[in-house]
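Written out below as structure tokens is the structure these notes cover.
The values are calculated or read from the model by the stated rules, or taken from the named source; none is laboratory data. Note that the structure is a prediction, hence the values are computed from the model and not measured. Here Cβ is always computed from backbone atoms with ideal geometry, including for glycine, and neighbour counts include all displayed protein chains. Heads up: the accessible areas ignore ligands, DNA and RNA and are worked out on the full protein's heavy atoms, side chains in. Shrake-Rupley method; radii C 1.70, N 1.55, O 1.52, S 1.80 Å.
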Amino acid sequence: MNASIAPSRPLIDRYGRQISYLRISVTDRCDFRCVYCMAEEMTFLPKKEVLSFEEIEAIAEAFIARGTTKIRLTGGEPLVRRDIMDLVRSLGSHIGEGLEELTLTTNGSQLAKYAEDLKAAGVERINVSLDTLDEQRFREITRRGRIGDVFQGIDAALASGLKLKINMVAMRGVNDDEIGAMMAWAHGKGMGLTLIEGMPLGEVGLDRVDSYLPLRELHDQLKQRYTLTRLDKRTGGPARYVHVAETDGILGFITPMSHNFCESCNRVRLTATGQLFLCLGQEDQVSLRDALRDGGLEGLEAAMDQAMLIKPKGHDFVIDRARPEPALGRHMSVTGG
Ligand code: SAM
Ligand code: SF4
């Protein structure tokens, strides 16, 4: 199938939104325990509950046949799943055959090992999450990561010809004093920097109310010091981009707490156990694992159609003192962001 040929039965929800972007969490496990993402002590899924690569491939192929053009692998940490490159290579073989882009979001700890293989498998761009440039602070945020591994991974990825974007969760009183430095560093290496607002998912180690930093406020502060020009680049998600004249690079703002992107939402999320979440901020879901295991490819197709009937219109995130508990009990590592 040529990438420009429309699928015969596109996946369209009740609000007329066409699904073209599938995020796949390949594992809930991670070698870090970032304070905003996980609790110190996490119980991970038994391996037998996790989808096999064959099952992930079957689901991904069904989505590609129905109009998915972009797949992002995430987690947990996607690069800690055993033999992950087998999956990357097999999904990469669909690039140019309906799939336009295969990408991943990683904490960078294993990138030095995999960067060249990722590029060879057809991956062109990746997102690396990094919230600070300071070694000690990095250890506090990730609870166990070594920043040197991430720097090495980033350099290896750039040397392999991958395009990189750095994702930084902006937290008041934690790393909001480093935004200028992160921008200078990332833009200096030809990488984009995207700031993310903390989202209330799961019980974690951080006070979400104290650390919540609305990006609108940050944008207004940055405007005093930098020349920001709004770019038209749209992703169907909650990201907005500006060009920063002083550092000649792109700065993104992911504001999931705002609602102004839901009407253009083009994405769904598959968890490591095969639950298809229809919205990051809601519980609506369909088990594609059960559908596939019980009903084969026909069952899978029927479950994908069913999913289109229940995709919610938008999310209900709020962070305030009156409602300090997380909006959703599940951690970000379940759906992969
Ligand atoms: N382990 C990989 C990584 O860290 O890039 C992929 C999975 S991680 C869950 C995906 C993204 O979600 C990361 O950029 C991380 O910073 C972000 N994230 C995790 N928990 C979050 C939260 N509660 N609010 C906002 N972003 C969060
Ligand atoms: Fe792991 Fe990524 Fe969550 Fe950090 S944000 S704990 S690296 S899954």
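Hey, can you tell me all the residues within region 96-135 that are touching a strand residue (DSSP E or B) at 6+ places or on another chain (Cβ under 7 Å), more than 16 Å from ligand 1 (Cβ to nearest atom) and without any contact (Cβ under 8 Å) to a residue 60 or more places away in the chain?
Glu101, Gly122, Glu124
State the number of residues belonging to region 239-284 that are closer than 30 Å to Ala184 by Cα and not in a loop (DSSP other than H, G, I, E, B).
12
Restricted to region 165-192, and to residues that are within 16 Å of ligand 2 (Cβ to nearest atom) and under 20 Å from the mean Cα position of the chain (by Cα), which residue is most open to solvent (accessible area, probe 1.4 Å)?
Lys165
Check off (1) surrounded by fewer than 20 Cβ atoms within 10 Å (Cβ to Cβ); (2) at pLDDT 95 or above for Arg23 and give me the number that stays unchecked.
It fails just one condition, (1).
Yes or no: Ile71 part of a strand (DSSP E or B), β-branched (Val, Ile, Thr) and away from ligand 2 (no atom under 16 Å from the Cβ)?
yes
Just name the residue that is surrounded by the fewest Cβ atoms within 10 Å (Cβ to Cβ) out of those in region 115-137 that are among the β-branched types (Val, Ile, Thr) and under 16 Å from the mean Cα position of the chain (by Cα).
Val128
Checking the conditions here, which among Val209, Val244 is hydrophobic (A, V, I, L, M, F, W, C), modelled with pLDDT under 75 and more than 16 Å from ligand 2 (Cβ to nearest atom)?
Exactly one residue qualifies, and that residue is Val209.
If only one of Gly153, Gly145 is in contact with a Cys (Cβ under 9 Å, 6 or more places away or on another chain), of a type in the set (Gly, Ala, Ser), closer than 17 Å to Pro78 by Cα and at pLDDT 95 or above, which one is it?
Gly145
Can you name the condition, by its number, that Gly161 falls short on among (1) more than 28 Å from Phe44 (Cα to Cα); (2) within 14 Å of ligand 2 (Cβ to nearest atom)?
(2)
May I ask you to list the residues in region 24-55 that are within 30 Å of Glu100 (Cα to Cα) and in contact with a strand residue (DSSP E or B) (Cβ under 6 Å, 6 or more places away or on another chain)?
Across region 24-55, the qualifying residues are Ile24, Ser25, Val26.
Scan region 36-64 for residues that are open to solvent by 20 Å² or more (accessible area, probe 1.4 Å) and within 16 Å of ligand 1 (Cβ to nearest atom) and jot them down.
Tyr36, Cys37, Ala39, Glu40, Met42, Phe44, Leu45, Val50
Looking at Val26, is it touching a Leu at 6+ places or on another chain (Cβ under 8 Å) and within 14 Å of ligand 2 (Cβ to nearest atom)?
Yes.
Could we say that Thr69 is among the hydroxyl-bearing types (Ser, Thr, Tyr), over 21 Å from Ala291 (Cβ atoms) and surrounded by fewer than 16 Cβ atoms within 10 Å (Cβ to Cβ) here?
no
Identify all residues within region 128-158 that are away from ligand 2 (no atom under 16 Å from the Cβ) and touching a Phe, Trp or Tyr at 6+ places or on another chain (Cβ under 7 Å); write none if there are none.
Leu133
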